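Nothing in this text is a laboratory measurement; each read-out follows from the coordinates by a stated rule. What you see is a predicted model, and the numbers here were worked out from it, not measured in a lab. Cβ sites come from the backbone with ideal geometry, for glycine too, and all protein chains shown count toward neighbours.
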Amino acid sequence: MSKKIIAQIALWFAILSWLALVMVELTIRFSAGSQVEPGFDEYLPNSIYLFYVLALFVFYKARVPVADRVNLIDLLWKVFITGLLTLMVAMGFRSLEFLLGGTGLSKNVIYINFIFMVVLGLASAFAVATFVVWKRLILYQKSKRLLIVWNTLEYLLLGSLLLDIVELPAKGYYQILVLVVGVMVAFNMKWVAYLSFKQKWKSIALLTVSLLFLVLFASVILAYQQQNAFLSHFTNSVFLESIIGFATLYALFSVLVIAFNIPTTSAFEQKLNEVINFQRISQSIQTEKNEEQIFKVLLDSAVQTVEATAAWIELEKDEKYFFHEITYEQIHEITTDFSQAGVGFRKKILKNKHKKTGVFGKIRVAGFRSVAYFPIFINEQQEGTLYLLKDVRDGFTRELLEIIETFTNQAGISVANFRMVNEAIATERYKEELKIAKQVQTKLLPAQLGSNPGFDIGSFSAAADEVGGDYYDSFAINGHTTALIIGDVSGKGTSAAFHMAQLKGAFLALAQQNPAPVEFLNKANIAISAGLDKSSFVTLSYFVINTSAQTLQFARAGHVPTLYYSSRQNKASYFQNKGLGLGIIRGARYTSYVEQNQVTYHTGDVLVLYTDGITEAQNNRKEEFGFDRLQQLLEQHHNLNPEQIKDKIMEAVYAFCEHRQLEDDYTLLVIKFK
């Protein structure tokens, strides 16, 4: 059952109990005046009152939340509002007596008893509400011992309700026992330490007014007791006297304790802020998205801690500034004024700041009277300096300097950790990308090019990184026609691997339609451009080999020129057909930037397809392998089979580079016609 439903049930039960109590009391008064037996047991009114009080306890226990630092003042407001409302109603009924003056109604026993029962019900409601709130505050930081003492107090109050029923003679001693236990718990005020300066003044005001409400209720009930001897024994209720006494005692102690704590509040708040600021700097690596936010947290925390008039952080490496109540022009003015004043501010800082914190406690420049600076070290290298200025002399105590120095050290550690975390994340992300790209590329490149009775093929491919941007493949269109492609995708890593996947998809989809090379490039440009960003492109050469007609049809899309050896001319040369890379021009105009060529091959002719990694390979002197060396190698080894020619070329390339790590991808296809 929810607390809201419990509170509603308890409220209705309390209302019904109070109405029953009023009816029984008025019946007793009427019967006494008429000298007639009321027909009620003498313990009935106090028994009903017991149920009324218990219902109030259940109601307020469900309505008043457990205390925390957020709602401490809210709890005191609840006491204030409850007391204000109940006292206003009680005083309203009391005012009727004065308005009626000496009329017969004002002296009527039943009327007076009714007014008293109203005041009794309201006083009991306010006392119980106050007691429950005091319980929340007292048990704000509870211990096993405190719980035992508090539970004892509650049981004693419950026992006082039973004492009111049975009318035992030892009530005075019982009230003393309640008072002693109440004093034992009344000194528990740990919640006061968590109030701010402003909250403490609010608490004093609310507690003082609540204390006044309690005293007024007690005085009203006492007045009824003294003026109307015929009233029931509720005027001498042990429970009511005990709970109002305890509530008054705790309110009084709270006011005194808070008043005595006010002078030390600022110091406590400063220490608390120091801890919070240190925690903010320590946690900034987890919460902030960049280094600048960490420096901003440092600047804000330092200013709050020392109550600086102005401050700034200077990051020398990046030439960045973070300001608080100061501008760059003012900083320049301040440093200039120091130099003119002969203080040697900048000189001293430049001399000392790499060693330790510095402070000038007695200066007069640009409206400031003291300045302190703190070097910010990151991985044992100073990357910046924090400057704090105050408009009073000797504004920085040794304790404050040590605190800010701790802040700057922690900020440096946070930035270093921030960088390490980012580097680790980037490295892991890059490794994962390379792993995925390598898996993709492995599936993109053919394990073995298809054989053909009209020619033999030798192939080689090596990536500079774990993955490369080179692509090659072949497709048997029919028994005598084969499509051959070699390409180079701009970019590296995962993006290049996925662009290769696009290229492979376009090749396999279009090649089986046996388009002319120019038509293939045009369609491939349309298909691939949609998936490329504006900074990416693809270069390729596309060949259609017809072994029946012994012809080569080809077109080039921005790729390196193809090397061809003619056995009849006993000479190797490069095809000089024009062409533009895929994705550079996107639309129908692309066709005008490529051309198609055709040659007739003969037995012993050799076709060499490669990527720019071969010709642009460099040695230690930054010389490129070049087109001429490749041409000479083919002319020198043309009589070998494709695998041997491929091996000779790659041996020469690696020897030229002195077997250094590859700077670009190497891909080489050698086709020799039979």
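Efficiency by 1/(1 + (r/R0)^6): what FRET value for ARG364 and GLN330, r their Cβ-Cβ distance, R0 = 22 Å, to the nearest 0.05? For ARG364 and GLN330, the calculated efficiency is 0.90. Given their separation in residues at 0.36 nm each and the Cα-Cα distance between them, ILE81 and ASN409 gain 113.1 nm when the chain is fully extended. Mean projected area of the Cα convex hull of region 147-206, taken over all directions, amounts to 5.5 nm².
Taking a ≥ b ≥ c as the square roots of the Cα gyration tensor eigenvalues, region 609-666 comes out prolate, since a/c reaches at least 1.5 and a/b is larger than b/c. Remark: the Cα gyration tensor places region 446-673 in the oblate category, a/c being 1.5 or greater and a/b not exceeding b/c. For HIS637, neighbours were defined as the other residues whose beta-carbon sits under 12 Å from its Cβ, and their charges (Lys and Arg +1, Asp and Glu -1) total -1. Given the pairs LYS190/LYS296; LYS443/LYS622; LYS578/LYS648, which span a C-alpha to C-alpha distance of over 31 angstrom in this model? Pairs exceeding 31 Å: LYS190/LYS296; LYS443/LYS622.
Does region 118-181 classify as rounded, prolate or oblate by the C-alpha gyration tensor (a ≥ b ≥ c root eigenvalues; a/c under 1.5 gives rounded; else a/b over b/c gives prolate, otherwise oblate)? Oblate. Please go through region 138-177 and write out the trypsin sites (Lys or Arg not before Pro) that DSSP classes as loop and that have at most 12 other C-beta atoms within 10 Å. Answer by residue number: LYS142.
Full extension of the chain segment joining LEU256 with ILE6 gains 86.4 nm, where the gain is 0.36 nm per residue of separation less the Cα-Cα distance. Shown here for region 585-665: GluC sites (Glu not before Pro) in loop regions (DSSP other than H, G, I, E, B) with at most 12 other Cβ atoms within 10 Å, namely GLU623, GLU658, GLU663.
For region 487-530, the residues whose backbone nitrogen is under 20 Å from a point 7 Å from the Cα of GLU595, taken along Cα to Cβ, are 516-523.
Loop-resident trypsin sites (Lys or Arg not before Pro) (DSSP state other than H, G, I, E or B) in region 458-541 with no more than 13 further Cβ atoms inside 10 Å of their Cβ: LYS534. With R₀ fixed at 45 Å, the C-beta to C-beta distance from LYS142 to GLN439 puts the FRET efficiency at about 0.15.
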